[in-house]
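Chemist: This is the structure I want to talk about, given as structure tokens.
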Amino acid sequence: DCQVSNTPMQKNVIGVLSDPQLEDHLGDIGIHALGNTMIKVCSEGGNIEIGDFICTSNTSGAGMKQPDDLMHSYTIARASEAIDWSSESVDLKIIHCTIHAG
């Protein structure tokens, strides 16, 4: 039974939805566990730099910047683009990442 995460640093995540816009339709959609894809992130963990690790957050279906630079059992991705949240008009954004879940 797949569910969208809403718990920070959740270690039982199996991957990232192939289309982050479809989190309310968890039927037969794809899940990425390795490779390059897009991931929805939130501002909860602060600004994201290229190379920062991403983990789950309190925001349903969104990742956040991980609090350290070590790969953990709860690491789901590594950012391939940066976000300065002070220059964004929203708290959620879809960015390119390499996925390391599963």
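Chemist: How many percent of the accessible area of the chain is carbon or sulfur, using a 1.4 Å probe?
Modeler: 48 percent
Chemist: To the nearest 20 debye, what charge dipole does the chain have about its Cα centre, counting +1 at the Cβ of each Lys and Arg and -1 at the Cβ of each Asp and Glu? Walk me through the numbers on the way to the answer.
Modeler: On the way: 5 positive and 14 negative charges, 42 e Å.
Computed charge dipole of the chain: roughly 200 debye.
Chemist: Per residue, how many Å² of accessible area does the chain show with a 1.4 Å probe?
Modeler: Values: 5820 Å² over 102 residues.
The answer is 57 Å² per residue.
Chemist: Right, next: DSSP beta bridges in the chain, what fraction antiparallel, as a percent rounded to 5? Let's see the in-between values first.
Modeler: Values: 19 of 20 bridges.
Here the share of antiparallel DSSP bridges comes out near 95 percent.
Chemist: Also: So how do 66-78, 49-61, 83-95 stack up, highest first, on mean other-Cβ count within 10 Å? List each step's numbers first, then the result.
Modeler: Numbers: 66-78: 16.2, 49-61: 18.9, 83-95: 12.2.
The densest-packed peptide leads the list: 49-61, 66-78, 83-95.
The values are calculated or read from the model by the stated rules, or taken from the named source; none is laboratory data. Only a predicted model underlies this, so the values are computations on that prediction, with no experimental measurement involved. No Cβ is skipped: glycine too gets one built from the backbone with ideal geometry, and neighbour counts run over all protein chains shown. Only protein heavy atoms, including side chains, enter the accessible area calculation; ligands, DNA and RNA are left aside. Shrake-Rupley method; radii C 1.70, N 1.55, O 1.52, S 1.80 Å.
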